[in-house]
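Comments concern the structure below.
The values are calculated or read from the model by the stated rules, or taken from the named source; none is laboratory data. All figures in this text were calculated on a predicted structure; none of them were measured in a lab. Here the Cβ is made from the backbone with ideal geometry for all residues, glycine too, and neighbour counts use every protein chain on show.
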Amino acid sequence: MPISEIQVDIGLLWNETEITGELVGDFEIRTTDTSGKSVCLESISRDFHARAIFPRKELTFGIRLQESLSHKRAREVLTNALAVSQSFKGEVVEAGVSWGEGLDGRVWWPILQAGSLHDAEEFLDELRSKTSLEPLSLSIVTMGERNDAPFEFAIGVEKREATRVSCVPRRQDSPFYLHDIPIGRGFHWERHERLSYRGELHLFASRGDGLTAMNRIPLETYIRSTVFSEMGPDLPDAFLAAQAVAARSTVLATANRHHRGEGFHLCNDDHCQCYQGVLREPQVISPALGETEGEILVSNGRPVDARYAKCCGGVSETYEAVWGGEGHPYFISRPCGEFETADLTQEQNMQEFLSQRAPAFCNDELHAYPERWREESYFRWQREYNASELQTLIEAKVGIEVGTVRELRPIKRGASGRILILEIVGSKQTLRIYRELEIRRVLFLSHLPSSCFIVETEGKGPDKFRLIGAGWGHGVGLCQLGAAAMAHKGRSKQRILEHYYPETKLFSIT
């Protein structure tokens, strides 16, 4: 498929009771009713309002055993799981998108049926504690596709029920605005803004509850906004070019995987990639960005799943440590610079690693961060809790009583030192937390910067817990602050990509 023909569907809002905004310029507005009949409405600049009117649809859930790169491998994993118990029922589900020859981003999920969310949570705990299945590969997924429930749509004097509303600009300079777009969903920096976007706006019912607003846009237009939404414009050309290649590769590799069945390819936030529309694009865009048009990374005939994180903390993490399943040869763990480290899966080595400041590219004492990222140190950080605070926090997050916290015990670390399985020893019970993101969620009001930390205590209780950590994010793939420092030091786009994604090749979509 030519690069000019690739369009991506980006979820801007979902599960919303109401969606409001404005169309600015000349649009064709088409509504579809429950019978499938389409009606074209008057298309002038107007405010619009959409409101959910249908009852909530009960969702069903399953346990994904892992993500496989072939249907055959997924079937083998499922067959082995079904052999554990005759009561298990499962299926293999396809996710991802094939964009054409040589651009196949599809994966396959072996899934065990679970039922309600509560049932799925109990089933997940049982699988992790009572079977030999790899615990870090297991995750809860929502089953089924979105529904075509009607909703109320009003623009100007027009008001009607529809199952879908499509607003297609007749001119490229006709944007639309949406109110209350969340930025940083679930994190402590979450805020809401009124943002404008190019391209098409589609409104429809979400899979379970409320409404979805989706933006259909040419891939290259999306990339221009995403690069600057992620890190801002005040960065060297080599970094912007490398970030563009990584972002473009990520779209093709992960579309319809993180949000399978929700009616869009990726979301607009940190969960997938930051995309904040027209307002994040600078007035003058670097020619280096345009020179990457159509460039992606490939490996073994597939688009590279070019994940990236804000700051690795000194050493990158492997894909399978964070998300389980089949790993990728380009996601090896390696230092963010020209130095060596000891085995960071061992506690003593982690103590030594965090007591020093390795000469990493993301070390802010050696390489100044871009201006917008200078308010915090992402390379090294600390968080402190007294015993009562920590107990209250953990019990609120996990929903059960653990009692006074006696110990935070790392059970398994990844190659970067990130904790993958954490045991919380309480006076009433001991529980295990699996996967780095859940560990970060449980130990902070929103999320810890990363799960790469050691624990120091004070007092006999202990009375105080101090988390001494490194990095910001999952640490897989490109370290954005490290790559920015490499670019400042004169490294080229090619050198940056080769460092963070070894065993990949640049490929141009014509």
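Restricting the stretch 126-178 to residues that are among the acidic types (Asp, Glu) and within 27 Å of the chain's Cα centre (by Cα), the residue that is modelled with the lowest pLDDT is Glu145.
Within the stretch 10-29, residues that are crowded, with 22+ Cβ neighbours inside 10 Å have Cβ atoms under 7 Å from residues that are of a type in the set (Asp, Glu) in these pairs: Gly11/Glu262; Trp14/Glu262, counting only partners at least 6 apart in sequence or on another chain.
Given the condition of a type outside the set (Lys, Arg), assigned to a helix (DSSP H, G or I), touching a Gly at 6+ places or on another chain (Cβ under 8 Å) and under 30 Å from Ala149 (Cβ atoms), answer yes or no: does some residue in the stretch 243-264 qualify? Before you say what the answer is, go through the steps one by one.
The first filter runs over the stretch 243-264 and keeps only residues of a type outside the set (Lys, Arg), leaving 243-247, 249-256, 258-259, 261-264.
Okay, now just the ones that are also assigned to a helix (DSSP H, G or I), so 243-247, 249-254.
Now drop any that are not touching a Gly at 6+ places or on another chain (Cβ under 8 Å), which leaves 246, 252-254.
Narrowing the set further to residues that are under 30 Å from Ala149 (Cβ atoms) leaves 254.
Taking every residue of the stretch 243-264 in turn, at least one turns out to be of a type outside the set (Lys, Arg), assigned to a helix (DSSP H, G or I), touching a Gly at 6+ places or on another chain (Cβ under 8 Å) and under 30 Å from Ala149 (Cβ atoms).
Here Ser388 passes the criteria (1) in a loop (DSSP other than H, G, I, E, B); (2) surrounded by fewer than 20 Cβ atoms within 10 Å (Cβ to Cβ); (3) without any contact (Cβ under 8 Å) to a residue 60 or more places away in the chain; (4) not β-branched (Val, Ile, Thr) except the one numbered (1). Within the stretch 367-385, the residues that satisfy the criterion of being under 23 Å from the mean Cα position of the chain (by Cα) and assigned to a helix (DSSP H, G or I) are Arg372, Trp373. One residue stands out among those in the stretch 488-510 that are touching a helix residue (DSSP H, G or I) at 6+ places or on another chain (Cβ under 8 Å) and among the basic types (Lys, Arg): the one that is nearest to Trp99 (Cα to Cα), which is Lys493. Please work out which residue is surrounded by the fewest Cβ atoms within 10 Å (Cβ to Cβ), limiting yourself to the stretch 265-279 and to residues that are among the aliphatic types (A, V, I, L, M) and either under 16 Å from Arg216 (Cβ atoms) or in contact with a Cys (Cβ under 7 Å, 6 or more places away or on another chain) (or both). Checked the stretch 265-279; the qualifying residue surrounded by the fewest Cβ atoms within 10 Å (Cβ to Cβ) is Val278. Within the stretch 141-196, if we keep just the residues that are farther than 22 Å from Asp9 by Cα and among the β-branched types (Val, Ile, Thr), the residue that is surrounded by the fewest Cβ atoms within 10 Å (Cβ to Cβ) turns out to be Val157. Tell me, which residue of the stretch 43-66 that is surrounded by 14 or more Cβ atoms within 10 Å (Cβ to Cβ), modelled with pLDDT under 95 and among the charged types (D, E, K, R) is nearest to Gly301 (Cα to Cα)? Filtering the stretch 43-66 for residues that are surrounded by 14 or more Cβ atoms within 10 Å (Cβ to Cβ), modelled with pLDDT under 95 and among the charged types (D, E, K, R), the one nearest to Gly301 (Cα to Cα) comes out as Lys57. Exactly one residue among His488, His474 is touching a His at 6+ places or on another chain (Cβ under 8 Å) and under 21 Å from Arg380 (Cβ atoms), and that residue is His488.
The residue that is farthest from Ala358 (Cα to Cα), counting only those in the stretch 410-424 that are out of contact with any Ser or Thr (no Cβ under 6 Å at 6 or more places or on another chain) and among the β-branched types (Val, Ile, Thr), is Ile424.
Checking Asp343, Asp364 one by one, the residue that is among the charged types (D, E, K, R), outside any strand (DSSP E or B) and surrounded by 15 or more Cβ atoms within 10 Å (Cβ to Cβ) is Asp364 and no other. For Glu352, state whether it is part of a loop (DSSP other than H, G, I, E, B), closer than 20 Å to Ile454 by Cβ and of a type outside the set (A, V, I, L, M). Against the criterion (part of a loop (DSSP other than H, G, I, E, B), closer than 20 Å to Ile454 by Cβ and of a type outside the set (A, V, I, L, M)), Glu352 does not qualify. Taking the conditions exactly as written (touching a Leu at 6+ places or on another chain (Cβ under 8 Å), closer than 29 Å to Lys130 by Cα and in contact (Cβ under 8 Å) with a residue 60 or more places away in the chain), does Arg435 satisfy them or not? Yes. Exactly one residue among Ala74, Ala81 is at pLDDT 95 or above, surrounded by 17 or more Cβ atoms within 10 Å (Cβ to Cβ) and in a helix (DSSP H, G or I), and that residue is Ala74.
Could you look through the stretch 477-492, keep only residues that are in a loop (DSSP other than H, G, I, E, B) and more than 18 Å from the chain's Cα centre (by Cα), and pick out the one that is surrounded by the most Cβ atoms within 10 Å (Cβ to Cβ)? Step through it out loud before you land on a result.
Step one: list which residues in the stretch 477-492 are in a loop (DSSP other than H, G, I, E, B), which gives 477, 489-492.
If we keep only those that are more than 18 Å from the chain's Cα centre (by Cα) too, we end up with 489-492.
Values: Lys489: 12, Gly490: 9, Arg491: 20, Ser492: 14.
In this case the residue turns out to be Arg491.
Condition (residue is among the hydroxyl-bearing types (Ser, Thr, Tyr) and part of a strand (DSSP E or B)) applied to the stretch 41-50: is it met by at least one residue?
Of the stretch 41-50, the ones among the hydroxyl-bearing types (Ser, Thr, Tyr) are 43, 45.
This time we only want the ones that are part of a strand (DSSP E or B), so: none.
No, there is no match, as no residue in the stretch 41-50 is among the hydroxyl-bearing types (Ser, Thr, Tyr) and part of a strand (DSSP E or B).
All of Ala242, Ala255, Ala246 fail the test of being in the same structural domain as Ala205 (by TED's automatic domain parsing), of a type in the set (A, V, I, L, M), more than 25 Å from Ser70 (Cα to Cα) and at pLDDT 90 or above, apart from Ala242.
Each row is one residue, and each column tells you yes or no for (1) assigned by TED's automatic domain parsing to the domain that holds His118; (2) without any contact (Cβ under 8 Å) to a residue 12 or more places away in the chain; (3) part of a loop (DSSP other than H, G, I, E, B); (4) touching a Cys at 6+ places or on another chain (Cβ under 9 Å).
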{"position": "Glu395", "(1), (2), (3), (4)": "no, yes, no, no"}
{"position": "Glu401", "(1), (2), (3), (4)": "no, no, yes, no"}
{"position": "Ile439", "(1), (2), (3), (4)": "no, no, no, no"}
{"position": "Leu445", "(1), (2), (3), (4)": "no, no, yes, no"}
{"position": "Ile454", "(1), (2), (3), (4)": "no, no, no, no"}
{"position": "Ile468", "(1), (2), (3), (4)": "no, no, no, no"}
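Mind telling me which of the residues Arg164, Arg75 ends up being of a type in the set (Lys, Arg) and closer than 28 Å to Gly199 by Cβ? Residue meeting the stated conditions: Arg164.
Has the stretch 418-430 got at least one residue that is among the aliphatic types (A, V, I, L, M) and either at pLDDT below 95 or assigned to a helix (DSSP H, G or I) (or both)?
So the first thing to find is which residues in the stretch 418-430 are among the aliphatic types (A, V, I, L, M), and the list is 419-422, 424-425.
From what's left, either at pLDDT below 95 or assigned to a helix (DSSP H, G or I) (or both): none.
For the stretch 418-430, residues among the aliphatic types (A, V, I, L, M) and either at pLDDT below 95 or assigned to a helix (DSSP H, G or I) (or both): absent.
Across the stretch 294-304, not a single residue is classified as more than 20 Å from the chain's Cα centre (by Cα) and buried (at least 24 other Cβ atoms within 10 Å of the Cβ).
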